[in-house]
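One structure is given here, and the rest of the page talks about it.
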Amino acid sequence: MESTMTRQARFPLPDGLRTLRNYVDGRFVETGRIFDDVSPLDGCVIGQVHEADAALVDHAVKAARKALGGPWGAMSVQERAQRLHAVADVIERRFDAFVAAEVADTGRPMAQARTLDVYRGMANLRTFADLGKVAHGDYFETRLANGQDLMNYTVRKPLGVIASICPWNLPLLSMTWKAGPALACGNTMVVKPSEETPASATLLAEAFDEAGIPPGVFNLVHGFGPGSAGEAMTRHPGVDAVTFTGESRTGSTIMKAVADGVKDISFELGGKNAAVVFADCDFDAAVQGIVTSSFTNAGQVCLCSERVYVERPIFDRFVAALKARTEALRIGWPDDDGVFMGSLISHQHRDKVLSYYRLAEQEGATVVTGGGVPRFGDTRDEGAFVQPTIWTGLPDTARCLREEVFGPVCHVSPFDTEAEVIARVNGTAYGLAGCVWTTNLARAHRVSRQFHAGIVWVNTWFSRDLRTPFGGSRLSGIGREGGRYSLDFYSETTNICVAL
Ligand code: NAD
Ligand code: 6OD
């Protein structure tokens, strides 16, 4: 095989994006500290990323502070909304470049990059621009025991300079999910994408620039976590709040780093989500639902179902149907006809996923399908692909059923009663998401409200209304974002009490 430096990537970054620069105070900045952006589809180097150090992060935070007290802070809510719509319009105009950037960095099918990232990116900015316009405060009238009348009302103000630290699995979705409401509320930001996915972030900075957003409002820094831009952001005294999406362990590290400054935090972390399939389900819809919820984006969605519980009377038939449908999934290049799964994000992540494939066998799993690496006979063999994998036969205490794998894998267990399955669903350190598949309406409501999870879908998965609360409990996060929950997090509220 040729060296990855000389081979041409099958999915390169769009023209003009091979050098990935920071965007600070309205300027694109090179630092000379370069790391490679690598395509997980074939292992080729596709770009050179300029890593930000603590000094550049400091510059970005100061620029954000200046912009907060400058034109952005002075703008009306309506004007800010108009500007955010203008950014979304640029994304729409450059739609194909955004898709190409996401595909090159993540190795996902183009169709999934279109819907999961680029449409959602635009929707995030537009939705929160509009919600910001209808954000309101509270009003209370009170008469005290001494007859004194009071009027209390609240005013919303920006929280300040927001550090936003994002994961690689849904890059544009995550960045805009935070930037939309934070900016609509009048804050300014320093944003760090994952080191694995610098490209769509750089395009997003270009969109902010092109839309004429004032310098310092949206700053982008590239780099890693510890000892790099991520840590510098969390430790910077000029940062007022940190919104973080990523692994639970990273969340814990960040929590310690922000403790000294008592900064506000919003954390969206990992999951070990369960799906429960009752014998009265629409069988075909449930089988397809589990394929989708376990294998979309190669299982790299925090909401994916890694634990599936199927009522015993349909267990064998369900597993057989799931195996058949999984084996029919097309794995391949992002633009292959009907492709459902691309590569994982990186070779390093593939090592982690494969280590769980091996561990499952050591823990006694039956491998219903998958468990290895597909062979293509072309440059994809240099990529980070794995087979979608189904296990059965593990006890609930197995590590593979307790730890987040974050790959295309699910374990299917039989269950007998509602009470039993609810106890097993909740027997996890996480609390992010779940699914219930049933045609019994009363059962759907009864069971779903007993999930220890931030969101439960009934007869569907990852269907989103951006006004709803989103987030998790336990190891899955702190707080909720979405709709008014985002507006509340990104606002500082002052209560004014007037003696009448
Ligand atoms: P990660 O925690 O490895 O990295 C996330 C971000 O944090 C990256 O930008 C990284 O550079 C940065 N980072 C790492 N260490 C840091 C440190 N010490 N200080 C500051 N920044 C640091 O997560 P990932 O691998 O990019 O993403 C996958 C994880 O994210 C999975 O666990 C997944 O479940 C979770 N996730 C959760 C949600 C949710 O909404 N709950 C959404 C998407 C992803
Ligand atoms: O849909 C969303 O709003 C959201 N934040 C999704 C996150 C998915 C995690 O991988």
Above-threshold pairs, the threshold being 28 Å between Cα atoms, out of K192/K323; K62/K352; K66/K192; K133/K256; K192/K272; K66/K133: K192/K323; K62/K352; K133/K256
Compactness of the range 391-459 as Cα Rg over 2.2 N^0.38 Å, two decimals: 1.13
Built amide H within the under 5 Å cut-off of G431, gap 5+: K272, S473, L475, S476
Ranking by accessible area, most exposed first, for R307, R21 with a 1.4 Å probe: R21, R307
K263 accessible area, 1.4 Å probe, all protein chains in place, Å² to nearest 10: 20 Å²
Accessible area (Å², per residue) of the chain, counting only protein heavy atoms and a probe of 1.4 Å: 39 Å²
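Do the sum for the chain: with -39,500 (n - 2.57) for every DSSP H run of n ≥ 4, divided by all residues, what is the mean residue ellipticity at 222 nm, to the nearest 500 deg cm²/dmol?
Computed ellipticity for the chain at 222 nm equals -10500 deg cm²/dmol.
Can you tell me how the range 25-176 classifies by the Cα gyration tensor, rounded, prolate or oblate, using a/c under 1.5 as the rounded cut?
Numbers: a/c = 2.78, a/b = 1.91, b/c = 1.45.
It comes out prolate by the Cα gyration axes.
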log₁₀ of I(q)/I(0) at q = 0.19 Å⁻¹ - the range 273-464, Debye sum with one point per alpha carbon: -1.34
Exposure of D381 as accessible area (Å², to 10), given a probe of 1.4 Å and all protein chains: 40 Å²
Note, ³J(HN,Hα) from phi for the range 263-276, Karplus 6.51, -1.76, 1.60, rounded to Hz, x at Gly and Pro: 7, 5, 9, 10, 10, 10, 10, x, x, 9, 7, 10, 10, 10
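What FRET efficiency do you get for T439 and A328 if R0 is 30 Å and r is their Cβ-Cβ distance, rounded to the nearest 0.05?
Numbers: r = 25 Å, r/R0 = 0.84.
Once rounded, the FRET efficiency stands at 0.75.
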Under Karplus coefficients 6.51, -1.76 and 1.60, residue-wise ³J(HN,Hα) of the range 136-149 in Hz, glycine/proline x: 9, x, 9, 9, 9, 10, 9, 10, 6, 4, 7, x, 5, 8
Anisotropy class of the chain from Cα gyration tensor, a/c 1.5 cut: oblate
Area accessible to solvent at T250, 1.4 Å probe radius, in Å²: 60 Å²
Fraction of accessible area attributable to carbon and sulfur, the range 128-169 (%, probe 1.4 Å): 52 percent
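Order the peptides 203-211, 51-59 from the highest to the lowest mean number of other Cβ atoms within 10 Å of their residues. List each step's numbers first, then the result.
Numbers: 203-211: 22.2, 51-59: 20.1.
The densest-packed peptide leads the list: 203-211, 51-59.
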Carbon plus sulfur fraction of accessible area for the range 273-464, probe 1.4 Å, in percent: 49 percent
Interchain or long-range residues, amide H under 5 Å from A275's placed H: R307, V308, Y309, C435
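How big is the antiparallel share of DSSP beta bridges in the chain, given as a percent to the nearest 5?
Details: 31 of 73 bridges.
So the antiparallel bridges amount to about 40 percent of the total.
The values are calculated or read from the model by the stated rules, or taken from the named source; none is laboratory data. Fair warning: this is a prediction, and the values are worked out from it, not measured in the lab. Positions of Cβ are generated from backbone atoms using ideal geometry, with glycine treated the same way; all protein chains shown enter the neighbour counts. Heavy atoms of the whole protein, side chains included, go into the accessibility calculation; ligands, DNA and RNA do not. Shrake-Rupley method; radii C 1.70, N 1.55, O 1.52, S 1.80 Å.
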